[in-house]
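Colleague: Sending over a structure as structure tokens; questions will come in a sec.
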Amino acid sequence: MSFVVYEASRSYEERLTKEGVTMINIPDPPNKFYHSWAINVIRYLAKCSDFPDILHFHGVWMPANLWISKFGRKKQIPYVINPRGDLELTRINYNKIKKFKKNIAWRLYGKSIVENAACVIATSDQEKNCMRSLGCKVPIAIIPNGIELSSYPEKVIHAHRDKKIVLFLSRVNPIKGLELLIEAWNKLPDSLVANWELHIVGNSDPANYVCKLEEQIKNLGLVDSIKLLGPMTGDAKMQKYMNSDLFILPTFNENFGNVVAEAMMCECPAITTTNAPWKILKEDKCGWWIDLSIDNLVKTLLEAMSLTDEERIILGKKGRQSIINHFSAESVSKKTKEVYEWVLGMREKPDYVDV
């Protein structure tokens, strides 16, 4: 077996090569144009004498998605797509300008890309249902994102601080529900907030959106209890999860929400909305899965922030075990391999593939 991937993947290849997989590296795209059009992938395939058995790409809207899908059809190579939220209706409809552009793109080429796929991989039932509502009739496999358990510390050590922390860590974007969260924070009792801070961590998208949040925080008189900290990555991000007492993602839409899993693996109890596919928070009784509203955010924050440290620690440990039970990278990779084998006629249809 061999994989064709960008050079940036080298640091992740050791386990594959140990299993006998041959890795074929092509140059990383030097700029956005090369990335959008997958120029280096196109050049590789144009010179390739031994074509792949299967193509697997992510997203729907990029020019590269269109080119690779056309290449697959021309050479009769089946392809699999991970839309990565591109076909979530909330995301399509959220911005009027983007909705207009995406509706045009869907009619021009997006629908054709999806309709000719051998299989589409959704990370949740929610994402699958959105695809079906768009008229997608192709097989859809439900496979969540895998969590590389070895990337997380075996033992979580919680820091002791003067003030406890509620952490938001994600893109700082209107779809994440931050304005509602700030309004909810403003409605919490002063006696409770006096011992807590809300830390908002992430890259502003669009770049000026953070200015709107700064103005909201200032107007509500919350500058002492809400901190906008910018993006964090790598070890700093991991440490931030471990140093926080609660995690919150009050999102309007999430096709998966890796940050929820990251927080849970760092034993930080999570709160998110039913707009994200995290029903296991409720099922495994390890966090909060709520309908999005200011009142619900206030009620849930009151409950979560009023717990004792010991109660939150127990919740955090339950959350970590829940991720281990449901989302190990090994189980997810096994399902993806089974989809490949089914597409290539090497096995029966897996029961998690909806046709």
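The values are calculated or read from the model by the stated rules, or taken from the named source; none is laboratory data. Nothing here was measured: the structure is a model prediction, and the numbers come from that model. Neighbour counts run over all protein chains shown; Cβ positions are idealised from the backbone, glycine included.
Colleague: Taking the range 146-163 only, how many residues are buried (at least 16 other Cβ atoms within 10 Å of the Cβ) and in contact with a strand residue (DSSP E or B) (Cβ under 9 Å, 6 or more places away or on another chain)?
Modeller: Total meeting the criteria: 2.
Colleague: Next up: From the set of residues in the range 152-195 that are over 27 Å from residue 210 (Cα atoms) and small (Gly, Ala, Ser), which is modelled with the highest pLDDT?
Modeller: Ranking the candidates gives 191 first.
Colleague: From the list 290, 294, which one is touching a residue at least 12 places away in the same chain (Cβ under 8 Å) and either under 19 Å from the mean Cα position of the chain (by Cα) or closer than 20 Å to residue 151 by Cβ (or both)?
Modeller: 290
Colleague: Let me ask something additional. Going by the conditions given, is residue 28 assigned to a loop (DSSP other than H, G, I, E, B) and in contact with an Asp or Glu (Cβ under 8 Å, 6 or more places away or on another chain)?
Modeller: When the stated conditions are applied, residue 28 passes them.
Colleague: Scan the range 285-292 and give yes if some residue there is of a type in the set (Val, Ile, Thr) and part of a strand (DSSP E or B), otherwise no.
Modeller: yes
Colleague: Does residue 271 fit the bill of being closer than 29 Å to residue 135 by Cα, in the same structural domain as residue 156 (by TED's automatic domain parsing) and surrounded by 18 or more Cβ atoms within 10 Å (Cβ to Cβ)?
Modeller: Taking the combined requirement at face value, the residue does not satisfy it.
Colleague: Do we have residue 322 as in the same structural domain as residue 201 (by TED's automatic domain parsing) and over 20 Å from residue 143 (Cβ atoms) here?
Modeller: no
Colleague: With respect to residue 136, is the statement that it is modelled with pLDDT of 90 or more, assigned by TED's automatic domain parsing to the domain that holds residue 341, over 16 Å from residue 339 (Cα atoms) and out of contact with any Lys or Arg (no Cβ under 7 Å at 6 or more places or on another chain) true?
Modeller: Here the answer is yes, as residue 136 does meet what is asked.
Colleague: Still on this structure: Considering only residues that are in contact with an Asp or Glu (Cβ under 6 Å, 6 or more places away or on another chain) and under 12 Å from residue 180 (Cβ atoms), which ones fall in the range 276-301?
Modeller: Correct list: 294 only.
Colleague: Of the conditions (1) of a type in the set (A, V, I, L, M); (2) closer than 30 Å to residue 185 by Cβ; (3) touching a strand residue (DSSP E or B) at 6+ places or on another chain (Cβ under 9 Å); (4) not in a loop (DSSP other than H, G, I, E, B), residue 332 satisfies every one except a single condition; which number is it?
Modeller: That leaves (2) as the condition not met.
Colleague: From the set of residues in the range 119-136 that are farther than 19 Å from residue 251 by Cα and within 23 Å of the chain's Cα centre (by Cα), which is surrounded by the fewest Cβ atoms within 10 Å (Cβ to Cβ)?
Modeller: The selected residue is 133.
Colleague: Report, by residue number, each residue of the range 81-100 that is closer than 15 Å to residue 127 by Cβ and touching a residue at least 24 places away in the same chain (Cβ under 8 Å).
Modeller: Passing the criteria: 81, 82, 83, 84, 85, 86, 87, 88, 89, 90, 91.
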